[in-house]
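Comments concern the structure below.
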């Protein structure tokens, strides 16, 4: 009985970091439910700057982007833009939907639809300017 308990505790200790969802301060952690029809209102007239990441503990670039994402959230969340992330290691259907081929991938969504994939530098000023320029272009074409 004691050996089974010890093995169970040992497995739980090793499994929990993999199974636990990562939280990033101020960043909306998205999941498949956000993209289903029930979550459609979530996207109404809002931008989501979405970081597709893989929490395998091996992706140094993902970890660097996550640090930037927390800083970016403090800047953009006041501007009708959700700074969001989705962990493709646990939410692969969403990542397949957006045809994510590598990590990290950064995409700007409007009304839940892919607007553009960001390929610029990982500097806060550049990211903010990119969102503002793209938002202005989207609103201009919608008017």
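Any residue in segment 60-79 that is within 12 Å of residue 25 (Cβ to Cβ) sitting within a Cβ distance under 8 Å of a residue that is assigned to a helix (DSSP H, G or I)? List the pairs, counting only those 6 or more apart or interchain.
71/124; 72/124; 72/127; 72/128
Restricting to segment 41-81, what's the tally of residues that are more than 22 Å from residue 131 (Cβ to Cβ), at pLDDT below 80 and surrounded by fewer than 20 Cβ atoms within 10 Å (Cβ to Cβ)?
Of the residues in segment 41-81, 4 are more than 22 Å from residue 131 (Cβ to Cβ), at pLDDT below 80 and surrounded by fewer than 20 Cβ atoms within 10 Å (Cβ to Cβ).
Of the numbered conditions (1) buried (at least 19 other Cβ atoms within 10 Å of the Cβ); (2) under 14 Å from the mean Cα position of the chain (by Cα); (3) not in a loop (DSSP other than H, G, I, E, B), residue 93 satisfies every one except a single condition; which is it?
Condition not satisfied by residue 93: (1).
The values are calculated or read from the model by the stated rules, or taken from the named source; none is laboratory data. Predicted model only: the values in this text are computed from it and were never measured. Reconstructed Cβ throughout: ideal geometry from the backbone, glycine too, with neighbour counts over all protein chains shown.
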